[in-house]
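The values are calculated or read from the model by the stated rules, or taken from the named source; none is laboratory data. The model shown is predicted, which means the values in this text are computed figures rather than measured ones. Every residue, glycine among them, receives a Cβ derived from its backbone with ideal geometry; neighbour counts consider all protein chains shown.
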Amino acid sequence: MDLTIISTFRCNSRCQMCYIWKNPTEPKDEISLETVSKLPNGFDNLNFSGGEPTLRKDLSELVDELYPKARILEISSNGLNPERLVPIIKRYPDIKVRFSMEGDEATSNAIRGEKDGFQTKLNGIRMLKEAGGTDLGFAMVIQDENAEQLVKVYDLARREGVELATSTLHNAWQFYKNDNYFYNRRKVAKEVESLITEMLKTGKVKNWFRAYLNLGLIEKILGHDRLIPCSAARDFAFIDPWSDVWACNVRSDLPLGNLARQEWDEIMNGEQAAAARKKVDACTQNCWMVTTARTAMRSRLIPQLPKLGPMSWVALNKLRVTLGRKVDFGAYVDYGHVKDSPLVPRTSFLGRKVKSEIKVQRDLATPAEHYPLAEFVNQ
Ligand code: SF4
């Protein structure tokens, strides 16, 4: 099972597609080392995320506690404080680290509202490489403003000898956003095709399956059904900064329990989890985030292997690309059917005064108070 721990909603980025930074938690309310120690061993991918996880003063102790509990421990960071990760990487070189990167210097800084973000992340990834890091990379949220730069960012990652993870715009309680919509779905989706082809051209099996993940992103961007049904609360779960455990990071009506007040097994075997799984089975959302997609791709019988569908798609299209032929995207994607979506402009917060927009989440007890937008829809 994969687990994401959203350790804080404090963040020093000012992204246009994620408003966590407008809703920071108080450190005293955030999931504690004691609560984290209640998690069992044996997770597959355990993602330590945020907000910005390097803002946790007890980051080092949390990593010491979590590292032995998972096959892969991942830290998702904005990359603005790389020096805080150096001692951790020196201790555990195989920790997976991904720094957010949204395009070339001007584009990335504008989308993320970060003055010197691009250069800090680039220097930071080099710093972690020098410290011995073996699983480093960038993570990009594909949107209208940066879709044309997708292959350029992939090339940058390859030049630096690191990975590129991709995701796209979503509405989700985790992002405090329910109005993330594409301006031109078709145009954005078409840009992803080039990345898929580039990934299939490489000699890395990991990249071939990432190509399939990106095919799922095309379907998501166009508003089509998911390529593979969701397995939330079975194959993955999320914990928010208040220690509330959730089936997924999108729907705010799928709480499973609270790890500070309950035990892990009690939560996962409880009535709330059973009720949430029924709702997941009937969920009609077309979200396609890395966690939800990666777990859905795994074989139920042999989790180390992918399902037959992704495996045969990869085999066929790797062969096509190797023979110098093009991937026949029209055979998989119905570009004639693109969902309508409202036009909601996104604006950069770079250089803008934002103090008045930040409201610390204080004295709020329930998930309903924590996520007042309530409904988060992806279609
Ligand atoms: S498909 Fe539904 S249950 Fe699964 S992650 Fe998306 S919103 Fe959550």
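Every residue, every condition in (1) under 20 Å from the mean Cα position of the chain (by Cα); (2) more than 8 Å from the ligand (Cβ to nearest atom); (3) crowded, with 21+ Cβ neighbours inside 10 Å; (4) among the aromatic types (Phe, Trp, Tyr), yes or no:
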site	(1), (2), (3), (4)
220	yes, yes, yes, no
225	yes, yes, no, no
283	yes, no, no, no
291	yes, yes, yes, no
300	no, yes, no, no
Boolean, residue 308 is modelled with pLDDT of 95 or more, hydrophobic (A, V, I, L, M, F, W, C) and surrounded by fewer than 19 Cβ atoms within 10 Å (Cβ to Cβ):
no
Which of the residues spanning the range 188-208 are aliphatic (A, V, I, L, M) and either within 16 Å of the ligand (Cβ to nearest atom) or modelled with pLDDT of 95 or more (or both)?
188, 189, 192, 195, 196, 199, 200
Filter the range 115-162 for residues that are closer than 26 Å to residue 72 by Cα and of a type in the set (Phe, Trp, Tyr); the one that is nearest to the chain's Cα centre (by Cα) is 138
Given the criteria in contact (Cβ under 8 Å) with a residue 60 or more places away in the chain, within 26 Å of residue 126 (Cβ to Cβ) and out of contact with any Cys (no Cβ under 7 Å at 6 or more places or on another chain), does residue 32 qualify?
no
Of those in the range 235-269 that are of a type in the set (D, E, K, R) and free of Cβ contacts under 8 Å to residues at least 60 places away in the same chain, the residue farthest from the ligand (Cβ to nearest atom) is 261
Could you tell me which numbered condition residue 159 fails, if it satisfies all but one of (1) in contact (Cβ under 8 Å) with a residue 24 or more places away in the chain; (2) out of contact with any strand residue (DSSP E or B) (no Cβ under 7 Å at 6 or more places or on another chain)?
(1)
Confirm whether residue 211 is near the ligand (Cβ under 10 Å from one of its atoms) and outside any loop (DSSP other than H, G, I, E, B).
no
Looking at this structure, is residue 66 part of a loop (DSSP other than H, G, I, E, B), more than 17 Å from the chain's Cα centre (by Cα) and of a type in the set (A, V, I, L, M)?
no
Could you tell me which numbered condition residue 188 fails, if it satisfies all but one of (1) closer than 25 Å to residue 252 by Cα; (2) over 16 Å from the mean Cα position of the chain (by Cα)?
(1)
Being within 28 Å of residue 7 (Cα to Cα) and either within 14 Å of the ligand (Cβ to nearest atom) or touching a Cys at 6+ places or on another chain (Cβ under 6 Å) (or both): is that true of residue 274 here?
no
